[in-house]
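Here's the structure, in structure tokens; my notes come after.
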Amino acid sequence: MSDPFFSNDLLAEFDRLQRQVASLLPGLPSSLRATRSETFPLLNIGGTDDSVEVVAFAPGIDASRLDITIDKGLLTISGERKPAQAQGDEARVYARERFMGAFRRVIELPEHADPDKVTARYTNGCLTISIGRLEASRPRAISVQ
């Protein structure tokens with residue numbers, strides 16, 4: 001006997017449902033952690049006991065053309081990647097996978113991030129942003145008496 005709520009091909013049903021939702025809401029990621037393929041730059045976000053660390057993978061960008069701001073708990077990274085030089089007037093592009101153009105990424109920072117303690121450096125195509133933690137949120141050892 002087959003249960004109508006739990007068919008043998010449950011994953012196919014989830015896949016069908018996801019396609020229907022995607023067709024109703026085009027351009028939205030399919031999950032909270034999913035990103036569209038054209039999302040640029042890709043990010044790694046983590047932390048230490050002393051800071052929140054954001055690494056944006058943005059090769060081929062002049063560091064002076066990157067803008068980083070923090071306002072109301074939101075970190076914004078924006079800039080522009082210029083197209084590579086064409087190789088003569090006769091060059092034709094058959095495929096282009098590298099992102100070009102203006103970009104903007106906005107990340108919500110945790111409450112314990114201190115917007116007054118921010119450093120940024122751009123090395124080998126990686127933009128590393130370190131945001132200090134508020135003193136009250138840092139872990140500390142408590143001695144037992």
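Does any residue of segment 70-87 turn out to be assigned by TED's automatic domain parsing to the domain that holds Thr48, at pLDDT 90 or above and exposed (fewer than 10 other Cβ atoms within 10 Å of the Cβ)? The answer is yes, given that some residue of segment 70-87 is assigned by TED's automatic domain parsing to the domain that holds Thr48, at pLDDT 90 or above and exposed (fewer than 10 other Cβ atoms within 10 Å of the Cβ).
Among the residues of segment 64-78, are any part of a loop (DSSP other than H, G, I, E, B) and touching a Ser or Thr at 6+ places or on another chain (Cβ under 9 Å)?
Of segment 64-78, the ones part of a loop (DSSP other than H, G, I, E, B) are 66, 72-73.
Checking the rest, the ones that are also touching a Ser or Thr at 6+ places or on another chain (Cβ under 9 Å) come to 66.
Yes: segment 64-78 contains one or more residues that are part of a loop (DSSP other than H, G, I, E, B) and touching a Ser or Thr at 6+ places or on another chain (Cβ under 9 Å).
Of everything in segment 105-143, what is in a loop (DSSP other than H, G, I, E, B), touching a residue at least 12 places away in the same chain (Cβ under 8 Å) and small (Gly, Ala, Ser)? Give them in sequence order. Gly125 - this is the single residue of segment 105-143 that is in a loop (DSSP other than H, G, I, E, B), touching a residue at least 12 places away in the same chain (Cβ under 8 Å) and small (Gly, Ala, Ser).
The values are calculated or read from the model by the stated rules, or taken from the named source; none is laboratory data. Worth saying up front: this structure is predicted, and the values here are computed from it rather than measured. All Cβ positions, glycine included, derive from the backbone under ideal geometry; neighbour counts span all protein chains shown.
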